[in-house]
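Report on the following structure.
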Amino acid sequence: MSRLAMRLMVLLGLLVVPTSSDADDYETFERKVRPLLVEHCYKCHSAEAKTLHGGLRLDTAEGVRQGGDSGAVVVAGKPDESLLIETLRYGGDIQMPPDGKLSPSDLATLTNWVQQGASFPPSEQTEHAHHGAIDFDEGRRFWSFQPVQPQPLPDVDGSDWPQTLLDSFVLAAMQRHDLTPTSAANRATLVRRLCFDVTGLPPTPAMVRDFVDDASPDAYRRLVDRLLDSPKYGEKWGRWWLDMARYTDRTASWLYQTGQSHFYRDWVVDAFNQDMSYDEFVRRQLATDLMPETGPRDLPALGFISLSPTYWKELKLPCEIIKVIVADEWEERVDAVSRTFLGLTVACARCHDHKFDPISTEDYYALAGIFASCRQVERPLVPEEEYEPVRLAREQVAELEAEIAKRKREKPAPAETIANLTAKIKSIKASTPRYDMPMANALTEESMFVVRAGKTPQDGTKLEYRAQPRDLPAFIRGNPNRPGQVVPRRFLTVLSGQSEPYRNGSGRLELAESILTDAAPLTARVIVNRIWLAHFGQGLVDTPSNFGTQGSRPSHPELLDDLAARFIASGWSMKQLHRQILLSATWQQSSSAGQDSFQRDPENRWLSRMNPRRLTYEEWRDSMLSASGELNLAIGGPSIDLDANSNRRRTLYATVHRRDMSPTLMVHDFPDPTQHSPQRTPTITALQGLYALNGPLLLKQSQSLITRLQRDAPNDPAAQIHQLYWLLFSRPPDDRELRIGLQFLKPTDATSPATRLQPYAHALLVSNQALFVE
């Protein structure tokens, strides 16, 4: 970008203002760090130690902070200066643990913990957490485990402000804190906000003008319904769900996937567009293959589990090592399912009873056994009898390909034999109808067992798949090589009482039913809060994937319960929940409020104004393509490289590679597809600024905008400025903006309006007004 364009941005007040957000990483500590400390350190450095060595305790935040006889052991953010890391590296006089150095991966986990600030949960809570048996009866009294029911409307001082039931709850909270609502956003701002919230795309100029000029009392409601009925709605909210499902199009080359992941993405988009009830949405993603009313076309729904991260298993290694890798995969699935659907960090109970929530180690292994009883495979989208000829042909081809590989290792390689085998492969493929039929990432009811390939560990490992479910033992300290008592597959004790063991295959369908019956109040609260957060930029509960004791308490508990109860009563309809929120006076408030509102409620916890929202990268890119007229609105299909010159599709369809993420997505806060992501964390970084100034997309789109402007309004700078503002900001320029634009485009001896139009368009594309929705 030229210096001239940068000066223009300053004049227009369009430079980006940095924001930041800190993530709560206590859960990472409980899942990854504490188990290592328990296994390798607590015998000598905890309250349980017979003799406290070196005066050092590593089981409390205070102990870690104070250090021991040798001084401080952790310097937060500086692992190279931390005695703990030096000791674990065997780099000094003290070398721990004494029975042998940690594995490189374990050492990396602890080093990264210190690098990230050595976060440790408050010791008072840790020390007073569960000692001995968990009191589940007491645990069930926690707010998020309570039943939900419609709440009586609160009393509010005389006001005609509420437009929906939820407004009364919000207004009552405002009045308790001496706040008043902000006036409604103007109609142009409202339609722009609504379009981005519902479809992820900006409104067309015609849509804005029509809505502003429509004086009918139901104009806004009709627009809400129109947008919710748009196929673009499913694309926007499908991407929202894929963050939690850790969706990927590509993964490591050793895995079974053949690039058909997009079937799951397209299934999610279609489910939103159909307004599939949330209870059905959950059932199908966990167990559609076990539901008699669904068929092969529904198998892509299983991508939630079948596209889970899978780790490399070098079968030359002893099975004791491979067992740990497999157990890590089970833990990932328990974590993703429990956090996504229940808002609980069940995976923290793999090595010990949950330190804060009423979740036992037995509860963890009861769920882990479900995922140990199913196998990730590819399955056809047609009935098995139609697929059978293709299956047999593919088996023949696989045998022939193995034979070719064997022949190629011979010296000299028999060229004629290889040619004949290759010809056979081509013949089989050509003579088999639908040989290349697509396959969905799905599941089968098979259990994996890790066993020795021979009599000794040096003989390596063998993986056996058995067509039967399995119950897992509770691994002592989370170590699968130290099995304890076998735990039947079942649901969480605190949510189900004395739950009966699951007996229908792996138990996936029974798990889904438990989530939607025994845990229905919690499940409803979690998804209602997620949708609220997406609309307002903050949840009623600030920790959307942690509704346990370490999570935050709801700002409006009666409102959350009322919404959850009505959500269930409406048949778990997500579109109906969207309508309640979008039609509310709360959501329609302006983001511009008086100084009093900001002083009394700087974080806007009581919702007396609307929060401006930073667009996601997908929305920003899509809006640029829309403005230039180049956006391809085709729905579904295989992904395409994000930075490909020919890529004009919505960013939803850009390839997400789990092991080789697009640098562009990484720079712009795209979630890590290796793990469940409860919400985007917007940042402003120098790399984002460099991308905005010099990125090829911005250069291409500013040039494409010029082409459109010169076509629609040739040789008319004022008309071009007006069109730019309508396309990018959904409004006309004000007098000041028009004056600055005309001054900037004024020709000089060295430049013409046409040459100055490109940096002008570029400056507007990267402005705050293009990046934020008010």
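The values are calculated or read from the model by the stated rules, or taken from the named source; none is laboratory data. Just so we're clear, the structure is a prediction, and the values are computed from it rather than from any experiment. Positions of Cβ are backbone-derived with ideal geometry, glycine not excepted, and every protein chain shown enters the neighbour counts.
Couple of notes before you dig in:
- Going through (1) more than 17 Å from C41 (Cβ to Cβ); (2) part of a loop (DSSP other than H, G, I, E, B); (3) out of contact with any Asp or Glu (no Cβ under 7 Å at 6 or more places or on another chain) one by one, V75 falls short only on (3).
- Scan of the stretch 584-621 for residues that are in a loop (DSSP other than H, G, I, E, B) and either under 23 Å from I706 (Cα atoms) or aromatic (F, W, Y) (or both), ordered by number: W587, W606
- Residue check for R508: closer than 22 Å to D357 by Cα and charged (D, E, K, R): no
- L583 meets all of the listed conditions (1) modelled with pLDDT of 95 or more; (2) closer than 30 Å to S308 by Cβ; (3) in contact with a helix residue (DSSP H, G or I) (Cβ under 7 Å, 6 or more places away or on another chain) but one, namely (2).
- Note on the stretch 452-549: no enclosed helices (runs of 4 or more DSSP H) hold 2 or more residues that are modelled with pLDDT under 95, among the acidic types (D, E) and out of contact with any Ser or Thr (no Cβ under 8 Å at 6 or more places or on another chain).
- R187 vs. criteria basic (K, R) and crowded, with 22+ Cβ neighbours inside 10 Å: no
- Filter pass, D178 being more than 30 Å from T517 (Cβ to Cβ), of a type outside the set (S, T, Y), surrounded by fewer than 17 Cβ atoms within 10 Å (Cβ to Cβ) and out of contact with any Gly (no Cβ under 7 Å at 6 or more places or on another chain): yes
- Any hit, the stretch 342-352, residues being crowded, with 23+ Cβ neighbours inside 10 Å, basic (K, R), touching a helix residue (DSSP H, G or I) at 6+ places or on another chain (Cβ under 8 Å) and assigned by TED's automatic domain parsing to the domain that holds L299: yes
- In the set (1) surrounded by fewer than 19 Cβ atoms within 10 Å (Cβ to Cβ); (2) touching a residue at least 40 places away in the same chain (Cβ under 8 Å), the condition left unmet by L765 is number (1).
- Any chance S119 is surrounded by 12 or more Cβ atoms within 10 Å (Cβ to Cβ), outside the structural domain of D328 (by TED's automatic domain parsing), among the hydroxyl-bearing types (S, T, Y) and part of a loop (DSSP other than H, G, I, E, B): yes
- Subset of the stretch 258-277 (residues that are of a type in the set (V, I, T) and under 11 Å from A440 (Cα atoms)): T258
- Residue count for the stretch 641-660, restricted to those that are surrounded by 17 or more Cβ atoms within 10 Å (Cβ to Cβ), hydrophobic (A, V, I, L, M, F, W, C) and part of a loop (DSSP other than H, G, I, E, B): 2.
- Qualifying residue in the stretch 274-286 (condition: under 16 Å from R375 (Cα atoms) and at pLDDT 95 or above): yes
Quick grid of which residues meet (1) buried (at least 16 other Cβ atoms within 10 Å of the Cβ); (2) touching a residue at least 40 places away in the same chain (Cβ under 8 Å):
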| position | (1), (2) |
| --- | --- |
| E388 | no, no |
| I418 | yes, no |
| T422 | no, no |
| R434 | no, yes |
| N441 | yes, yes |
| F449 | no, no |
| L472 | yes, yes |
| R489 | yes, yes |
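- Matching option when the condition is touching a Pro at 6+ places or on another chain (Cβ under 9 Å) and within 24 Å of S767 (Cα to Cα), among S545, S591, S608, S628: S591
- In the stretch 712-732, the residues that are surrounded by fewer than 20 Cβ atoms within 10 Å (Cβ to Cβ), touching a helix residue (DSSP H, G or I) at 6+ places or on another chain (Cβ under 7 Å) and not in a helix (DSSP H, G or I): A713, R731, P732
- Of the residues examined, G303 is not one that is small (G, A, S) and surrounded by fewer than 22 Cβ atoms within 10 Å (Cβ to Cβ).
- For the stretch 227-244, residues that are within 8 Å of the chain's Cα centre (by Cα) and either in the same structural domain as T340 (by TED's automatic domain parsing) or crowded, with 22+ Cβ neighbours inside 10 Å (or both) total 1.
- Residue count for the stretch 622-640 satisfying the condition of being in a helix (DSSP H, G or I) and more than 16 Å from W240 (Cα to Cα): 6.
- Subset of the stretch 56-72 (residues that are more than 16 Å from V114 (Cα to Cα) and either part of a loop (DSSP other than H, G, I, E, B) or outside the structural domain of L37 (by TED's automatic domain parsing) (or both)): L56, R57, D69, S70
- When P296, P292, P318 are screened for being without any contact (Cβ under 8 Å) to a residue 24 or more places away in the chain and either surrounded by fewer than 24 Cβ atoms within 10 Å (Cβ to Cβ) or of a type outside the set (A, V, I, L, M) (or both), only P292 passes.
- Summed over the stretch 640-654, the residues that are in contact with a Lys or Arg (Cβ under 8 Å, 6 or more places away or on another chain) and either of a type in the set (A, V, I, L, M, F, W, C) or at pLDDT below 95 (or both) give a count of 2.
- With respect to the conditions (1) closer than 19 Å to F169 by Cβ; (2) surrounded by 24 or more Cβ atoms within 10 Å (Cβ to Cβ), S570 falls short on a single one, namely (2).
- Residue that is farthest from F356 (Cα to Cα) [pool: residues in the stretch 552-576 that are of a type in the set (D, E, K, R) and assigned to a helix (DSSP H, G or I)]: K575
- Test: residue in the stretch 37-55 that is part of a helix (DSSP H, G or I), loosely packed, with under 13 Cβ neighbours inside 10 Å and not charged (D, E, K, R): yes
- Selection from the stretch 733-767 of residues that are over 42 Å from the mean Cα position of the chain (by Cα) and either in a helix (DSSP H, G or I) or outside the structural domain of S704 (by TED's automatic domain parsing) (or both): D735, R739, L742, Q743, F744, L745, P753, A754, T755
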